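The values are calculated or read from the model by the stated rules, or taken from the named source; none is laboratory data. None of the values given here were measured: they were computed from a predicted structure. Reconstructed Cβ throughout: ideal geometry from the backbone, glycine too, with neighbour counts over all protein chains shown. With ligands, DNA and RNA removed, areas are computed over all heavy atoms of the protein, side chains included. Shrake-Rupley method; radii C 1.70, N 1.55, O 1.52, S 1.80 Å.
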Amino acid sequence: MGKDKRRRTKAVRAGIGTDPAYGSVMPPLYLSSTFQIDGLDKRGSYEYSRTRNPTRDELANALADLEGGIGCAVTASGMAALTLILHLLGPDDLLLAPYDMYGRSYWLLRALAEKKHFRLEFIDCYDDGALDAAFAQGPKMVLIESPSNPVMRIADIATIAKRAKECGALTVVDNTFLSPILQNPFKLGADIVFHSTTKFINGHSDVVGGAVIVKDDEHLLADLHLWNNSLGTIGAPFDAYMTLRGLRTLEVRVHRGEENARAIAEFLDEHDKAGRVYYPGLPGDEGHAIAKKQQEGFGAMLSFELQGDIDAFLANLTMFSLAQSLGGTESLINHPASMTHVAMGAEARAKAGVSDNLLRLSVGIEHIDDLLADLETALKAA
Ligand SMILES: *Cc1c(COP(=O)(O)O)cnc(C)c1O
């Protein structure tokens, strides 16, 4: 697929009409774990599905094309994607990561650092002084999650990537919250992008998956494929097939979700039962200026502090399912302190601004009138 195509077109047409066997319009699903070899001196592209699989490759090509990278390792989950990336580091290498990242990522980094897989420093990505001190130590890799989960803080990716480059460190961006439709970290100087494809990319809350995309370094890509094959963190062919199916509507889903999220953020911002609203699309939001500069939209995620009874509020909602995860066509609500961010521990949560009355919304593509009416009713009851 040509690099000059619009992203929506790339997603819709990925792998269409490439079936060599029967000319099926949609790329077929190859479940076979193994592939027959014509002769010891006649090896094809595929031999064993852990190493390579045509359906997984189809998804990998589509994601690399959408992010504007040279290739992609498709993994079993977002956490498997992060696991792969962390295997680029050795015991002496220093990793910088935000202290307010996704709870399970935070847990994994801390646990592996305790086992001496690498050296780790959690940093405040929004504080220039803290960044100066961190970069002075010569990191090997810098992780960025922007917007952050769940308080939607915005890190200046271009500035951090530039500083990383100056000291020879790799910049890695978790682009899960915005998807390649709304943010292109490679254009901002990142070297590696990863996704929990479980979220917006698949978009239908029926697959757990992940992906690591490399901008331009062939050696890095080969290394990631080698680790994916050796660790066995690969994504299943059926999951890849489903994810490619979901990916085709990514752009229309993301834009409708964003439109709804913006209306909800404005509604909550005016409501007296809602305290602080975290949505970078609001002009008063701390991250608004940078988000406007580095993103192509503000996305479908927002959080707010409820000033009222949480149990009563949740019990009266009918359009927001109380559940983990995000990025599906259906709206979800999450209580980070007891759900997604419980693994962080109370102290780290307090530091990251995850208060006990914080609620996170993943806004779906339902009709906005129904979503607003539902929130109004539940807020009244709270
Ligand atoms: C969900 C999520 C992950 C982890 O992905 P899984 O697919 O659940 O393993 C990582 N980062 C962010 C920002 C997420 O939302």
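Listed values, structure above:
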{"read-out": "The lone exception for residue 96 - which of (1) touching a Pro at 6+ places or on another chain (Cβ under 6 Å); (2) at pLDDT below 95 it fails", "value": "(2)"}
{"read-out": "Exclusive hit being without any contact (Cβ under 8 Å) to a residue 24 or more places away in the chain and outside the structural domain of residue 218 (by TED's automatic domain parsing), set 42, 115", "value": "115"}
{"read-out": "Among the candidates 60, 11, 81, residue that is under 23 Å from residue 190 (Cα atoms), touching a Cys at 6+ places or on another chain (Cβ under 6 Å), among the aliphatic types (A, V, I, L, M) and buried (at least 21 other Cβ atoms within 10 Å of the Cβ)", "value": "60"}
{"read-out": "Pair list, Cβ < 7 Å and 6+ apart or interchain, from the stretch 89-105 residues that are open to solvent by 10 Å² or more (accessible area, probe 1.4 Å) to residues that are aromatic (Phe, Trp, Tyr)", "value": "89/118; 90/118; 91/118; 93/118; 99/122"}
{"read-out": "Residue list for the stretch 224-259, restricted to those being closer than 15 Å to residue 72 by Cβ and open to solvent by 60 Å² or more (accessible area, probe 1.4 Å)", "value": "225, 226, 227"}
{"read-out": "Residue in the stretch 102-120 that is more than 16 Å from the ligand (Cβ to nearest atom) and in contact with a Lys or Arg (Cβ under 6 Å, 6 or more places away or on another chain) present", "value": "no"}
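Yes/no per residue for (1) open to solvent by 10 Å² or more (accessible area, probe 1.4 Å); (2) more than 23 Å from residue 108 (Cβ to Cβ); (3) among the hydrophobic types (A, V, I, L, M, F, W, C):
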{"residue": "143", "(1), (2), (3)": "no, no, yes"}
{"residue": "152", "(1), (2), (3)": "no, no, yes"}
{"residue": "157", "(1), (2), (3)": "no, no, yes"}
{"residue": "162", "(1), (2), (3)": "yes, yes, no"}
{"residue": "168", "(1), (2), (3)": "yes, yes, no"}
{"residue": "171", "(1), (2), (3)": "no, no, no"}
{"residue": "180", "(1), (2), (3)": "no, yes, no"}
{"residue": "189", "(1), (2), (3)": "yes, yes, no"}
